[in-house]
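The values are calculated or read from the model by the stated rules, or taken from the named source; none is laboratory data. Predicted model only: the values in this text are computed from it and were never measured. Here the Cβ positions follow ideal geometry from the backbone for every residue, glycine too, while neighbour counts run over all protein chains shown. The protein model used for the area step is the full one, side chains on, heavy atoms only, and it has no ligands, DNA or RNA in it. Shrake-Rupley method; radii C 1.70, N 1.55, O 1.52, S 1.80 Å.
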Amino acid sequence: MTTIQLTINGTTTEGSVEPRTHLADVLRDQLDLTGTHLGCEHGVCGACTLLLDGAPARSCITFAVACDGAAVTTIEGLDEDEIAAELRAAFAREHALQCGYCTPGMIMSARDLVLRLDHPDEQAIRVGLSGNLCRCTGYVGIVRAVRAVIEARRQRGIAAEVGAGRTALGPVGSQPGAIATATSSALLPVTEMKLSHGVAPATFDPTEVVPAKSFDASFTVNAAPERVFALFGNVRTLAACFPGATITDLPTPDRIEGEIRVAIGPLSAVFRGSAQIDRNEADLSGRLIGTGRDRQSRTATSGQISWRMLPIDEGRATRVVLTVGYSLSGPLAQIARDGLVRDLASRITTTFAQNCDRYLAGATNQAASERPQRLNAVGLLLDIALSRMTALARRMRRQ
Ligand code: FES
Ligand code: FES
């Protein structure tokens, strides 16, 4: 046990903790301050967010011993706080509360935004709150409430504390710049890391792309392998079949510049980047290697998709066998767990396969691209949740 001293909501207290005990457990279990909620206990959901020496921090991944001498403010400590009072009223007015489980963490992060954002910029608010997940998916009211409080305060002549020593918005431990630097150096070429955020690299070295994770997938298309292989060689049609993808330039026949649009929870991302395609006519295989970056969330990704066309049904149809490798770093990487990425990839693959089928059945590029212009991960997540609940219900019925 280690003895530590903390100033919690203005009162100095001393206690003994195990080195492995997290701050959230000390507050909830030893001090009965249960306003700090625990959701994931992995630093992902933001429910446990509190203020550590004035900055939002995730208490579920903060060791209490590391906080010796620190000032801790929990949601209980904001009873008399002016900004928190305005936020509480705005949350109630804008119907931003719902079940309320995420609310203490939301208020902590929102208070930080109200304090520091110069203007009520919706995108900046969404990025600032992207480390706080709401299971009720009620971000519209929450964003509106935060925006209203910022707007009202600036109109009353209360200036923002812009910067105030910090370079990025968001809770301690989830700051995008810090994460990108800490986790991506092994994955991204040095030249790319020096680029300003959001600017796609003009060139990149495919040999530098080393995916951190990979998985296999496959789908069937009702056309002969040669036709499917030819489709995979036509990048414009291929992009039209891929949900959310747009080509912006084709500098050389094997090089693509483009973007993929995604919406996850409160965060919209547009990954802009480059990719290179290699093809092997002899065995009807190929490979796409690419890197991309979202300017707003500062999330970087790189990956490699390899494919092989296997004839089935006596060559009348094709089994497309894929190996997908990827690396993700930045805020979105926090919520993109392996299982989730695989589920999403499988949904994307299904849509992609359907679009390929439609195109090969005679549809035009335009018809093949009749798909959501943005890859809406929320819709996909709901779909996944529904299918998992259906599977669970089936299992329970069988027992
Ligand atoms: S409980 Fe701490 S981030 Fe989820
Ligand atoms: S209000 Fe229910 S989790 Fe956010």
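Observations, loosely collected:
- Any hit, region 54-77, residues being within 16 Å of ligand 2 (Cβ to nearest atom), outside the structural domain of R154 (by the TED database) and touching a His at 6+ places or on another chain (Cβ under 8 Å): yes
- Scan of region 46-90 for residues that are among the hydroxyl-bearing types (S, T, Y), within 16 Å of T7 (Cα to Cα) and within 14 Å of ligand 1 (Cβ to nearest atom), ordered by number: S59, T62, T74
- The set of residues in region 101-125 being surrounded by fewer than 20 Cβ atoms within 10 Å (Cβ to Cβ) and either under 19 Å from the mean Cα position of the chain (by Cα) or outside any loop (DSSP other than H, G, I, E, B) (or both) consists of L115, R116, E122, Q123, A124.
- Look at (1) closer than 21 Å to D32 by Cα; (2) in contact with a Phe, Trp or Tyr (Cβ under 6 Å, 6 or more places away or on another chain) and you find that D81 fails only one, number (2).
- The criterion of being assigned by the TED database to the domain that holds I158 and surrounded by fewer than 19 Cβ atoms within 10 Å (Cβ to Cβ) holds for G138.
- Scanning region 90-100 for residues that are open to solvent by 10 Å² or more (accessible area, probe 1.4 Å), within 12 Å of ligand 2 (Cβ to nearest atom) and over 16 Å from C40 (Cα atoms) returns H95, L97, Q98, C99.
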